[in-house]
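Some notes on the structure that comes next.
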Amino acid sequence: MAASVCNAILQAYSFDKEATLVLDYACGTGIVARGIAPHCKTLLGVDISQGMVDEFNKGAENHGISTEKMRAVRMELKGEDTELEGIKFDVVMCSLAYHHFGDMAAVTRLLTFFLKPGGTLIVVDYPKMDAAAVPVEALSVIAHAGGVTEVALKEVYDGVGLGDFQWVLFQGPKSDIHPEGLFLAKGIKI
């Protein structure tokens, strides 16, 4: 799945390995980030789980990636100028986490704050599916257990000042739960 997500991201944005600054929000263990890192100048992962951050940094080290190139920090972002050393990013990406966020608009507003003017927000996740296919146990712990709709996400992007909205479906690994694959949505900070 990580390879499918990386390929979709690399097709959606023209990275410059000498200049592109990337923020990977809800970065997890960094498996997607490791596929993107060779194509950008630096990649910073952020996650609220110290365990995920530790795995992210250990994975980078095990793959011979320097901390100047790729690292993660444990932090709950609030959208303040002093966070992340005041850096604004060319790309903010979030993969396979949006369906967990109860308030997609608040998260999108937060991520847009960390973009440079003209920067790109890239979200990869599951498109909305038939509610009957959602496992019952998922309904109580995942905010958008059935996935995310294009209409809802476009409305959120528009509402926080992201223009040029694009939504592309692509095939990830086959899954009984998500046979239609994944989506990649992107928008440009106006």
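Dipole size in debye (nearest 20) for the stretch 2-189 around its Cα centre, Lys and Arg Cβ +1, Asp and Glu Cβ -1? Could you put the intermediate results ahead of the total?
Values: 16 positive and 24 negative charges, 74 e Å.
My answer is approximately 360 debye.
Here K128 is the anchor, and the lysines within straight C-alpha reach of less than 26 Å, apart from those fewer than 8 places off in the same chain, are K154, K174, K186, K189.
Quick check for me: using +1 on Lys/Arg Cβ and -1 on Asp/Glu Cβ, what's the dipole size of the stretch 52-109 about its Cα centre, in debye to the nearest 20? Don't skip to the answer; put the middle values down first.
Details: 7 positive and 11 negative charges, 28 e Å.
Dipole about the Cα centre, nearest 20: 140 debye.
Bridge orientation summary for the stretch 2-189: considering DSSP beta bridges with both residues in this region, about 40 percent are antiparallel.
Restricting to DSSP H runs of at least four residues, report the calculated mean residue ellipticity at 222 nm for the chain, -39500 (n - 2.57) per run over all residues, nearest 500 deg cm²/dmol. Write out the running numbers ahead of the final one.
On the way: 6 runs with 54 residues, N = 190.
Calculated from helices alone, the mean residue ellipticity at 222 nm is -8000 deg cm²/dmol.
Taking the charge dipole of the chain about its Cα centre, with +1 at Lys and Arg Cβ atoms and -1 at Asp and Glu Cβ atoms, the residue from L169, C94, S14 reaching farthest to the positive side is S14. FRET efficiency for the E155 to V73 pair, using the beta carbon distance and R₀ = 25 Å, is estimated at 0.20.
The stretch between K58 and H100 holds 12.6 nm of extra length on full extension. This uses 0.36 nm per residue minus the Cα-Cα distance. With a cut-off of 19 Å, note down the residues of the stretch 7-43 whose backbone N falls inside the zone around a label point 7 Å from the Cα of D164 toward its beta carbon. From the stretch 7-43, the list is 8-23, 40-41.
Each reported figure results from applying straightforward, stated rules to the coordinates on display, with no laboratory input. None of the values given here were measured: they were computed from a predicted structure. Cβ: placed from backbone, ideal geometry, glycine included. Neighbour counts: every protein chain shown.
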